[in-house]
1. Which residues, taken from the range 97-110, are without any contact (Cβ under 8 Å) to a residue 12 or more places away in the chain and not in a helix (DSSP H, G or I)?
2. Would you call Ala127 part of a loop (DSSP other than H, G, I, E, B) and surrounded by 14 or more Cβ atoms within 10 Å (Cβ to Cβ)?
3. Looking for whichever is of a type in the set (S, T, N, Q), under 11 Å from the mean Cα position of the chain (by Cα) and part of a helix (DSSP H, G or I) here; the options are Thr67, Thr21. Which one fits?
4. Of everything in the range 141-163, what is within 17 Å of Tyr75 (Cα to Cα), among the hydrophobic types (A, V, I, L, M, F, W, C), touching a residue at least 40 places away in the same chain (Cβ under 8 Å) and out of contact with any Asp or Glu (no Cβ under 6 Å at 6 or more places or on another chain)? Give them in sequence order.
5. For Asp34, only one of the following conditions fails: (1) closer than 17 Å to Ala95 by Cβ; (2) at pLDDT below 95. What is its number?
6. Take the residues of the range 65-92 that are open to solvent by less than 10 Å² (accessible area, probe 1.4 Å) and among the small types (Gly, Ala, Ser): which is farthest from Val17 (Cα to Cα)?
7. When you go through Glu85, Glu77, Glu49, Glu40 one by one, which is the residue that is modelled with pLDDT of 90 or more, out of contact with any Pro (no Cβ under 6 Å at 6 or more places or on another chain) and more than 22 Å from Phe140 (Cβ to Cβ)?
Amino acid sequence: MSEFTVRPAWPAEYPAVGALTAAAYVADGLIGQDDDYARELADAARRAEHAELLVAADANGLLGSVTIVQPGSRYSEIAREGELEFRMLATAPAARGRGVGEALVRAVLDRARTTGAEAVVLCSLDAMRTAHRLYTRLGFTRIPQRDWEPRPGLWLRAFRLVC
């Protein structure tokens with residue numbers, strides 16, 4: 001197992017970040033390859049115009065990515081004033097089991113602390129049970145009052161961690 005670092009994504013990496021993110025969601029059966037959301041996930045350059053993108057990378061390339069958003073910004077879903085939100089957490093299937101997802105979430109928490117945010121929030125599909133276990137282990141709690149349905153039958157479950 002090689003070491004990896006978490007850092008801001010470089011503009012030249014945006015196409016690879018988008019491809020990795022979409023591929024991870026497709027590989028998990030969360031979306032189809034031709035789903036509108038797959039196209040949104042693949043457009044990391046657009047996300048980077050409105051959000052902060054972090055990547056986990058090793059000497060061989062990108063292992064994972066996460067998008068950090070401010071409340072009221074284009075990609076924010078549930079963040080309120082004083083909260084930082086993260087979305088689109090993805091680990092390349094070949095990199096699973098190496099702690100990439102946890103390292104990315106911890107980097108988000110560090111970012112929240114340095115910006116003075118009081119909490120970090122996120123939404124997650126019911127099917128993302130592995131991610132839910134990670135969030136719970138890191139101290140996130142469910143906030144069902146902020147669950148929401150972006151389209152009929154597709155519920156997103158909200159989580160929050162006070163910094």
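1. Passing the criteria: Gly97, Gly99.
2. no
3. Details: Thr67 fails: part of a helix (DSSP H, G or I).
Just a single option satisfies the conditions, and that option is Thr21.
4. Result: Trp148, Leu156.
5. (1)
6. Among residues in the range 65-92 that are open to solvent by less than 10 Å² (accessible area, probe 1.4 Å) and among the small types (Gly, Ala, Ser), the one farthest from Val17 (Cα to Cα) is Ala90.
7. So the residue among Glu85, Glu77, Glu49, Glu40 that is modelled with pLDDT of 90 or more, out of contact with any Pro (no Cβ under 6 Å at 6 or more places or on another chain) and more than 22 Å from Phe140 (Cβ to Cβ) is Glu49.
Condition check ((1) open to solvent by 30 Å² or more (accessible area, probe 1.4 Å); (2) aliphatic (A, V, I, L, M); (3) in contact with a strand residue (DSSP E or B) (Cβ under 9 Å, 6 or more places away or on another chain); (4) outside any helix (DSSP H, G or I)) across all residues:
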position: Ala94; (1), (2), (3), (4): yes, yes, yes, no
position: Ala112; (1), (2), (3), (4): no, yes, yes, no
position: Val120; (1), (2), (3), (4): no, yes, yes, yes
position: Tyr135; (1), (2), (3), (4): no, no, yes, no
position: Gly139; (1), (2), (3), (4): yes, no, yes, yes
position: Pro150; (1), (2), (3), (4): yes, no, yes, yes
position: Trp155; (1), (2), (3), (4): yes, no, yes, yes
position: Ala158; (1), (2), (3), (4): no, yes, yes, yes
position: Leu161; (1), (2), (3), (4): no, yes, yes, yes
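The values are calculated or read from the model by the stated rules, or taken from the named source; none is laboratory data. It should be emphasised that the depicted structure is a prediction, and the values quoted were computed from it without experimental measurement. Backbone-built Cβ (ideal geometry, glycine too); neighbour counts: all protein chains shown. In case anyone asks, the SASA skips ligands and DNA or RNA and just uses the protein heavy atoms, side chains included. Shrake-Rupley method; radii C 1.70, N 1.55, O 1.52, S 1.80 Å.
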